[in-house]
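Asks: Quick one: the structure is below, questions incoming.
The values are calculated or read from the model by the stated rules, or taken from the named source; none is laboratory data. What you see is a predicted model; the values in this text were computed from it and never measured. Quick reminder, even Gly has a Cβ in these numbers, built from the backbone with ideal geometry, and neighbours come from all protein chains shown. The accessibility values were calculated without ligands, DNA or RNA, using every heavy atom of the protein model including side chains. Shrake-Rupley method; radii C 1.70, N 1.55, O 1.52, S 1.80 Å.
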Amino acid sequence: MKFKIFRFKEGMEKPIYDKFEFEPPTGMTVLGALFYLQQNFDDSIAFHYSCRGAVCGTCAMLINKVPRLACRTQLEPLIQGELKIPLSPYSAIEETVAWDPEEEILIEPLPHLPVKKDLIVDMDKFFDYYLEVEPVLQPADPEPALERLMDPDAVKELELYTNCILCASCFGSCPVDGAKPDYLGPAALAKLYRFYIDPREGNNESRLFLADKPSGWWDCEFHGNCRRVCPKDVPPLIGIAKAREKLNIIKNRKDGK
Amino acid sequence: MVFGRIVADKIIEEIPNAEKPETEPVMGAVRSMHNKIETILQRDDGEKFFSIKTDLTVTMQEKFGIFRDNDTMKEGLHEIGQLKERFSKSCFNNKEPTYNHALIQFLELEAMLKIAEVVAMGAIERRESRGSHKRNDYPDRDDENFLKHTIINMKDGKLVLNYKPVKLGMFKPKERVY
Ligand code: SF4
Ligand code: FES
């Protein structure tokens, strides 16, 4: 199997692509392949990972032009073309380098974030936007003696969003984030929506107004890439659509319509 | 590491008239780590350490699995010694000052070799079976001799085996049978 890997480090004018070839054992993941390459060909390849089991969200990268978790993506189905995800186009997933999808696995850093080295991107911006939505529970009532009970049905919707592991795959897949750098992006907005619907939350409505600006709810163009690439099936675009709908209702009510 | 530091700073801040601790021991440790890394990065020839890591995995898997006995474990301990020897002369190519994953893995392997030896020493001396430490040569649990914690200290660069009594709570310990 052939591999084409994005290489960049400080001081380089532009990235280069390194090529490698080896026969991976059955079941090897992209992360496994990176370790293999590091140990057997070039120990300077830089990438981030932690849990190796699709839990921590550290290893997201652009694999065959789709943002994915390296530890959750197996090589065999990838090369056989079984893992294709059709995405709404944006510049980073256009042809930036010659690549034969039937022969080679192409591994590049996550788009829309500055590259620090090879496959490592600077996540600061992603987490700045995350902090902007105040991602902590703000209950109104005092702490109950035992616990805050919730209706299981409400929890079902909540869980769709709490499953997020902050991998930024959606951020790297969103054409709007590419075009408008100050757009908060799918993950942060999904998180904000999650607090809006949380029955234990005290400020539900004012939560919505936190992103009532173009770079918040209103810049989303519903490409839907976020939902397609999310390794945890979080549907940011549904949260965004519902938030907009609610905001419109609230505003109309205020206008006395 | 991150939270430890925040907590420590906070404690010092909160305690009235607390004396600021000496920073020199910490800075000294940082300097010696820096020097150590410099020396490691200068090493150019020798075995690449990745193969030693693979071999350590095999040794630990085969000689220190759940079912163990004196002879296999002694062999295993001997192998760990040889791996340590190989490790001391090993190296890697990556000389980069940032995101040097090879360096991290190298330092990790150094620690893993120590831990492997600790596991081996404790297991060999524990001549009984207890939980997942299942010795074919001592199939029974022996509370009389081994109801105690194994403690291994580092003394002058060497590992030394000790024991510490177990603090028993409300319940009298007894063998678990399934
Ligand atoms: S919503 Fe999905 S893709 Fe986006 S950061 Fe969370 S887990 Fe990753
Ligand atoms: S290494 Fe944790 S998600 Fe891939």
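Asks: Could you sort A:254, A:2 by their accessible area in this structure, using a 1.4 Å probe and putting the largest first?
Replies: The ordering from most to least exposed comes out as A:254, A:2.
Asks: Could you estimate the translational diffusion coefficient of the range A:84-145 from the Stokes-Einstein equation, with Rh from the Kirkwood formula over C-alpha pairs, at 10 °C and 1.306 mPa s, in whole µm²/s?
Replies: 101
Asks: Write down the Å³ per residue value for the convex hull defined by the alpha carbon atoms of the range A:2-120.
Replies: 111
Asks: Can you bin chain B into rounded, prolate or oblate? Criterion: square roots of the alpha carbon gyration tensor eigenvalues sorted a ≥ b ≥ c, rounded for a/c under 1.5, prolate for a/b above b/c, oblate for the rest.
Replies: Oblate, because a/c is 1.5 or more while a/b does not exceed b/c.
Asks: Given that compact globular proteins tend to follow 2.2 N^0.38 Å, what is the ratio of the alpha-carbon Rg of the protein assembly as shown to that value?
Replies: This ratio for the protein assembly as shown stands at 1.24.
Asks: Under a Cβ-Cβ limit of 4.7 Å, which cysteines in chain A have nobody to pair with?
Replies: Result for chain A is A:59, A:71, A:164, A:167, A:174, A:220, A:230, no neighbouring Cys Cβ within the cutoff.
Asks: Express in whole angstrom the spacing between the alpha-carbon centres of the range B:100-169 and the range A:35-114.
Replies: Going from one Cα centre to the other spans 40 Å.
Asks: Moving on. Once every DSSP H run of n ≥ 4 in chain A is given -39500 (n - 2.57) and the sum is divided by its residues, what mean residue ellipticity at 222 nm do you get, rounded to the nearest 500 deg cm²/dmol?
Replies: Rounded to the nearest 500, the figure is -9500 deg cm²/dmol.
Asks: I would also like to ask the following. Once the dipole of the protein assembly as shown is set up with Lys and Arg at +1 and Asp and Glu at -1 on Cβ about the Cα centre, which of B:66, B:168, A:234 lies farthest towards its positive end?
Replies: With unit charges placed on the Cβ atoms, the residue in question is B:168.
Asks: Can you give me the Kirkwood hydrodynamic radius for chain A, using every pair of distinct Cα atoms, in Å to one decimal?
Replies: Kirkwood hydrodynamic radius for chain A: 19.7 Å.
Asks: Enumerate the calculated ³J(HN,Hα) couplings along the range B:98-107 in order (Karplus 6.51 cos²θ - 1.76 cosθ + 1.60, θ = phi - 60°), each rounded to whole Hz, writing x wherever the residue is Gly or Pro.
Replies: Values per residue, Gly and Pro as x: 10, 6, 8, 5, 4, 4, 4, 5, 4, 5 Hz.
Asks: For the protein assembly as shown, give me the percentage of DSSP beta bridges that are antiparallel, rounded to the nearest 5 percent.
Replies: If we restrict to bridges inside the protein assembly as shown, about 75 percent are antiparallel.
Asks: Could you compute the FRET efficiency for residue A:55 and residue A:9, with r as their C-beta to C-beta distance and R0 at 35 Å, rounded to 0.05?
Replies: 0.75
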